Amino acid sequence: MLKIPGYEDGPLVQGTAYLDEPLFWPVHLGSCLRVEDAQRAAFGADWDAAMELYHVMSAEREWPVFSVPLSSGHTIHVVYRNIEGDRGVDYLIHHPAWSAAETLAVDDGHFMGPGMAWPELLSTARQPATEGVTDPDARLLLLFPALGDARLPDDAAVPLTTALTALTLIEETSEVANMLLENQGQWSPAHWRLGDGACINDGRHSYRNPGNAFALPEGRLLEISRALNGWEATTQLTSG
C-alpha cells in the first residue's frame, strides 16, 4: 500500500496503468469540460465507456495515485480521493524533509485553488524523471486541472493540443485545448506575481495567496515556487 506522509485517509494504490487508457484523459479533465459542447467534443461516442472507467477509478476500495517527481527532490501526488459523498482529486506536493505533504489544489465540489501558474505547469511537465509519471505530455494533462492563470500566452493551446493528440482519441484536439484553457478548473483564473521571491497569486481559494488565512507558510511558498519552476534550491529546505 502506498503512503504519503500526512495523508492517511484511504487505500492508496499506483494509478499509472490508467495512463495508457485514452479515455482516462477526458475523464480526468472533466471538471474543465463543463460545457455540453466541450464534453461532446472530448468524449464523442465513448461517453458510456468513459463513465464506466470513471466508476472503476472512483471505487472506495482503491484510491489511484499518480506521482510526478521534480528535479528538486519534491514529488507532486495526484490522488483520487474516493470517499462516498466526498469524492475529488487532491493535488499534493511533498519533499522527504517534510513531515507531511502540502496541498496545492483540490478538484471537487468544495474546490481549492489554483495551485499553478501556466509557466509552472509547463516547467513541471518538462522536468526529467526516471520514475513515476515520466512522459511530458502525460504530466501536462495530469496537472492541468490545478492550473489557474489569467495571463496565458497566445500559444498556450499548442502544447496542450500536442498532448491531447498524443494521448487521447479526441478528434478536434485543438478545439478541446482551447475549451480547456477557457475553463481552467473550477476557480476564477488568478493573477500571479513574485512576492519575496515566491510565485504567489490573488485567488480567493488558493493556498498560494498569502492574503488568505489558510495560505501556506512563507517558507513553503518560496520552496514550492522553486520546485515547480525547476530552479535549483539556494536556501535550506524547510522541515516539517
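Listed values (1) 31, 24, 20; (2) 35, 22, 13; (3) 27, 21, 17 include one computed from this model; for semi-axes √(5λ) of the Cα gyration tensor in Å that value carries the label (3). Working from the Cα coordinates of segment 79-200, the gyration tensor eigenvalues give, after taking √(5λ), semi-axes of 22, 18, 17 Å in decreasing order. Put simply, the Cα atoms of segment 145-240 extend 46, 28, 24 Å along their principal axes, the longest span coming first. With n ≥ 4 as the cut-off for DSSP H runs, can you work out [θ] at 222 nm for the chain, using -39500 (n - 2.57) per run divided by the number of residues, rounded to the nearest 500? When only DSSP H runs of four or more count, the value is -9000 deg cm²/dmol. Quarter the surface of the alpha carbon convex hull of segment 2-142 and you get the mean projected area, 8.7 square nanometres. The fraction of Cα-Cα pairs per 5 angstrom bin, counted from 0 for segment 27-96, comes to 3, 15, 19, 19, 17, 15, 7, 4, 1 percent, rounded to whole percents. On segment 3-102, 49 percent of the accessible area sits on carbon and sulfur atoms, based on a 1.4 Å probe. Of all DSSP-defined beta bridges confined to the chain, some 85% are antiparallel rather than parallel. Segment 146-189 and segment 22-54 have Cα centres spaced 14 Å apart.
The values are calculated or read from the model by the stated rules, or taken from the named source; none is laboratory data. Keep in mind the model is a prediction, meaning the values are calculated, not measured. These area figures cover heavy atoms from the full protein model, side chains too; ligands, DNA and RNA do not enter into them. Shrake-Rupley method; radii C 1.70, N 1.55, O 1.52, S 1.80 Å.
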